[in-house]
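One structure is given below, encoded as structure tokens.
The values are calculated or read from the model by the stated rules, or taken from the named source; none is laboratory data. These numbers come from a predicted model, not from an experiment. Methodologically, a virtual Cβ is constructed for each residue, glycine included, from the backbone with ideal geometry; neighbour enumeration extends over all protein chains shown. These area figures cover heavy atoms from the full protein model, side chains too; ligands, DNA and RNA do not enter into them. Shrake-Rupley method; radii C 1.70, N 1.55, O 1.52, S 1.80 Å.
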Amino acid sequence: MNNQSIFEAYPRNDASLLIPLLQNIQTEFGYLPEDQLEKVAEHIGIPLSRVYGVATFYNQFRLKPLGKYVIRVCRGTACHVKGSLDILRILESELGIKAGETTKDFMFSIETVACIGACSIAPVIVINDEYFGGLTPKSIQKLIKKFKDKG
Amino acid sequence: MNITINNIEVWANPGETVLEVAEREGIRIPTLCYLKGFSPTGSCRMCMVEVEDQGRLVPSCAFPVYDGMKVKTNSPEVRRARKTIIELLLANHPQDCLVCIRNGNCDLQSLAAEYGVRSYRYVGQRRKGKLDLASPAIERDPEKCILCGRCVRVCHEMQNVGAIDLINRGFNSTVAPAMDRSLNTVACVYCGQCIVHCPVGALREKSDQKRVWEAINNTDKLVVAQIAPAVRVAIGEEFGLQPGEIVTGKIVAALRRMGVDTVFDTNFAADLTIMEEANELIERITLQKTLPMITSCSPGWVKYLEHFYPDLMDHLSTCKSPHEMEGAMIKSYYARKMGINPEKIFVVSVMPCIAKKFEAQRPELGKEFQDVDAVITTRELARMIRVAGLDFSRLPDEGFDDPLGESTGAGAIFGVAGGVMEAALRTAHYMMTGKDMPVIDFSPIRGLQGVKESTVEINGIKLKIAAVSGLKNIDVLLKDIQAGKSEYHFIEVMACPNGCINGGGQPLPSTPEKIQKRTEAIYKIDKGLPKRCSHHNQSIQKLYQEFLEKPGSHTAHDLLHTHYIRRNRY
């Protein structure tokens with residue numbers, strides 16, 4: 001991956017560029033690898049502890065890579081009423097991970113989101129960029145099996 | 001302008017905060033996160049006061065005064081709010097005061113007592129944290145942390161190290177090194193200023209008390225103690241004596257009563273350091289070697305350079321720090337003189353310093369055996385004196401043992417920032433001219449500023465010198481050296497602001513008034529001694545005659561000098 005170019009776009013020793021730089025790295029890698037955090041600290045001239053502090057403060061930053069399939073389970077009000085908690089529990093037990101975690105084979109990650117604005121098809125989940133609505137305990141199991149088989 | 005505090009009209013400067021005015025007027029407002037001289041964060045909310053027309057309580061540490069302002073610092077509402085804050089802090093605290101190192105000297109505990117907290121009113125989930133005991137110098141207990149952030153600000157803004165920061169957010173917030181690693185795996189220099197500024201017991205020194213007691217109780221070991229210059233003007237505070245009271249003789253008496261066999265003085269080795277360091281400076285100047293030469297007695301500073309400026313390691317004096325020199329002389333010269341097997345000697349250094357604990361373990365400091373076996377801080381010695389049942393203030397004054405106990409005023413001033421420089425100049429002058437300086441006191445590098453500079457002319461050579469304390473202050477000078485722009489010949493650096501008298505191992509709390517008093521006491525010791533230049537120390541002269549030959553000799557290099565190690569920044 002050509003991350004040299006990411007840094008080239010940012011002048012050195014400007015601490016105000018910390019967040020945009022981290023965002024850019026996350027876009028490139030999908031998460032913030034440790035060695036990249038060191039490069040950031042070195043590039044903008046602040047201690048690594050501060051880079052890490054900021055990276056762990058904001059929810060948008062991840063320090064571990066996500067799975068090939070990122071499953072976002074909507075836990076908004078409408079989905080909640082339509083049983084999204086059951087959907088989440090089934091996903092968690094099917095994949096053997098909790099929300100916020102990634103499977104050991106890096107195939108699946110589960111995240112919860114507040115509302116994705118698709119209340120009419122609640123309960124809804126998003127796998128990568130694809131929406132799946134009107135889910136039932138049965139259909140979610142089928143859906144996951146399909147993705148598992150696909151690999 | 002005028003403002004009213006608790007119905008009393010007081011005068012205030014524009015730009016001042018309510019807290020600053022109240023402090024000046026002798027009105028106490030409790031604080032936890034407030035750090036004098038640093039920008040306020042207002043995060044702990046302890047300093048809340050009532051300001052008329054504000055409609056809510058405001059943090060006085062961050063609230064600027066305005067003309068005609070009416071403040072109440074102690075209304076029932078303020079008291080209730082403060083008490084609730086304390087109770088909430090306690091709800092997320094281990095509540096193990098009885099077994100805490102800060103029991104009896106903790107800001108949170110004192111405030112709980114002051115505000116009459118009589119029960120744990122809030123009970124809920126508590127933040128979990130892992131103990132970090134891996135470093136040889138500093139231990140972290142994140143569960144005790146109240147997130148005031150003082151350690152973080154000191155580490156970043158005063159010391160420019162940035163080994164720790166606030167990580168995560170909300171309930172999971174904690175103070176930790178990058179990647180939540182242990183302190184010993186990051187570029188922490190172990191200055192211990194985080195401990196000095198911690199209001200609770202979340203940060204503490206790694207204690208060596210047990211090992212020292214074991215050595216004392218081991219009849220096979222000859223326990224030799226030595227005391228650093230700054231300890232004798234501070235430890236009295238632990239026993240209710242006035243700050244700056246000189247209690248050298250009582251410390252010696254206490255150590256003997258504790259069972260220490262021989263008590264020597266690190267001031268002796270400070271004189272020895274000066275002989276070697278002045279000689280090294282002259283050699284570097286005359287042979288046109290690497291300049292400026294920078295002092296190496298502050299182990300926090302040495303580690304800082306190794307981590308952050310490893311390309312400048314050649315600038316560091318090769319001299320070991322005084323207590324390491326003392327240890328090396330005890331286990332060679334003294335052992336030989338007394339016919340003792342050096343393996344049986346256990347050297348204990350009593351130091352105002354946290355970093356010395358790390359330094360003593362550096363593998364390059366000692367050949368067959370370490371120069372120093374254990375380092376205890378001023379605070380640890382005070383604890384040992386207490387548990388030994390000694391009434392410190394009533395102890396008689398006793399003298400050091402010979403021959404490594406004699407010292408001059410030059411050795412004494414190692415305890416203050418600028419002291420090593422001044423002591424070295426006294427002897428360098430003698431070595432270069434054969435005469436003592438006409439005026440021994442060298443005032444341009446005295447005082448409590450972070451950077452002090454001057455020029456001295458010796459034998460037609462204009463020496464440009466600087467004394468720097470507080471690591472933040474050294475960066476500009478180091479960048480100049482890197483850029484080849486430095487005009488200095490000799491720079492003294494002390495990691496802790498104002499030097500060892502304000503070291504990480506000194507009695508707590510360390511206030512500006514106490515630092516001032518300790519500093520004055522150090523200069524008083526210097527002034528009161530018959531000999532004030534290291535080269536006049538007769539035991540030092542004898543040491544060279546009998547053993548080391550001359551400064552910079554082969555034996556001296558073997559035992560009194562060292563080398564440094566490149567360390568990573570990350």
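Here is how the numbers come out for the structure above:
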| quantity | calculated |
| --- | --- |
| Accessible surface, 1.4 Å probe, highest first, among residues B:Met325, B:Met179 | B:Met179, B:Met325 |
| Debye equation applied to the C-alpha atoms of the range B:2-74, log10 I(q)/I(0) at 0.12, 0.13, 0.18, 0.20 Å⁻¹ | -0.26, -0.31, -0.61, -0.76 |
| Cross-link pairs beyond the 28 Å C-alpha cut-off, checked among B:Lys357/B:Lys517; B:Lys320/B:Lys472; B:Lys221/B:Lys337; B:Lys356/B:Lys435 | B:Lys356/B:Lys435 |
| Percentage relative contact order, chain B, counting C-alpha pairs under 8 Å, at least six apart | 16 percent |
| Computed lengthening from B:Phe171 to B:Gln242, 0.36 nm per intervening residue step minus Cα-Cα distance | 21.3 nm |
| Contact surface A-B: accessible area buried, both sides summed, square angstrom, 1.4 angstrom probe | 1400 Å² |
| Loop trypsin sites (Lys or Arg not before Pro), the range B:76-176, which have at most 14 other Cβ atoms in a 10 Å radius of their Cβ (DSSP) | B:Arg118, B:Arg121, B:Arg126, B:Lys128, B:Lys130, B:Arg169 |
| Compactness of the protein assembly as shown, expressed as Rg and Dmax over alpha-carbon positions, Å | 29.9, 98 |
| Alpha-carbon centroid distance for the pair the range B:447-480 / the range A:54-90, whole angstrom | 57 Å |
| Under 20 Å from the Cα of B:Lys70 - aspartates and glutamates, other chains or at least 8 residues apart | B:Glu9, B:Glu16, B:Glu20, B:Glu23, B:Glu25, B:Glu50, B:Glu52, B:Asp53 |
| Among the listed pairs A:Lys64/A:Lys150; B:Lys210/B:Lys452; B:Lys303/B:Lys452, those beyond 31 Å (Cα-Cα) | B:Lys210/B:Lys452 |
| Cα centroid separation - the range B:205-264 against the range B:381-436, whole Å | 14 Å |
| In nm, spacing of pseudo-spin labels at A:Ser139 and B:Ser443 (7 Å Cα→C-beta vector) | 8.9 nm |
| Low-density loop cleavage sites - GluC sites (Glu not before Pro) in the range B:29-121, where at most 15 other Cβ are within 10 Å (DSSP) | B:Glu52 |
| Kyte-Doolittle at least -1.0, axis length at least 18 Å by Cα - qualifying DSSP helices, chain B | B:76-91, B:266-286, B:419-433 |
| Partner chain coverage, peptide A:57-67 - average Cβ within 10 angstrom | 1 |
| Share of Cα-Cα pairs in chain A lying beyond 23 Å, as whole percent | 46 percent |
| Per-selection Kirkwood Rh - the range B:138-207 (Cα, Å, 1 d.p.) | 11.9 Å |
| Computed accessible area, A:Tyr131, all protein chains, 1.4 angstrom probe, square angstrom | 120 Å² |
| Contour excess over end-to-end distance, with Cα ends at B:Lys289 and B:Gln545 and 0.36 nm allotted per residue | 89.4 nm |
| Evaluated at q = 0.05, 0.07, 0.12 Å⁻¹: base-10 log I(q)/I(0), Debye formula over Cα of chain B | -0.22, -0.43, -1.18 |
| Convex hull of the range B:444-534 built on C-alpha atoms - directionally averaged projected area, nm² | 7.6 nm² |
| Whole-number accessible area per residue in Å² for the range B:2-74, which is evaluated in the context of all protein chains at 1.4 Å | 50 Å² |
| Accessible area per residue, Å², the range B:210-560 with all protein chains present, probe 1.4 Å | 36 Å² |
| Peptide B:161-170 - average C-beta neighbours from other chains (10 Å radius) | 5 |
| Which of A:Tyr31, B:Tyr120 is most accessible, then next, and so on - probe 1.4 Å | B:Tyr120, A:Tyr31 |
| Accessible carbon and sulfur surface of the range B:210-560 relative to its total accessible area, %, 1.4 Å | 49 percent |
| Shape parameters for the range B:482-570, alpha-carbon atoms, Rg then Dmax in Å | 18.6, 49 |
| Radius of gyration and Dmax over the Cα atoms of the range B:511-555, both given in Å | 16.1, 45 |
| Distance between the range A:133-151 and the range B:165-196 - C-alpha centres, whole angstrom | 44 Å |
| All aspartates and glutamates inside 12 Å of B:Lys83 as judged from Cα atoms, apart from same-chain residues fewer than 8 positions distant | B:Glu114 |
| The range A:69-150: proportion of alpha-carbon pairs further apart than 21 angstrom, % | 17 percent |
| Solvent-accessible area of B:Glu214 with every protein chain in place, 1.4 Å probe, in Å² to the nearest 10 | 100 Å² |
| The range B:51-64 - phi-based ³J(HN,Hα) in whole Hz, Karplus 6.51/-1.76/1.60, Gly and Pro as x | 10, 4, 6, 8, x, 7, 6, 10, x, 5, 5, 10, 9, x |
| B:Phe38 accessible area, assembled protein chains, probe 1.4 Å, Å² | 40 Å² |
| Förster radius 60 Å - calculated FRET efficiency between A:Glu130 and B:Glu364, Cβ distance, rounded to 0.05 | 0.45 |
| Anchor A:Lys146: aspartates and glutamates whose Cα lies under 13 Å away (excluding residues fewer than 8 positions away in-chain) | A:Glu94 |
| Three principal axis lengths of the range B:263-419 [C-alpha, angstrom, descending] | 54, 34, 31 |
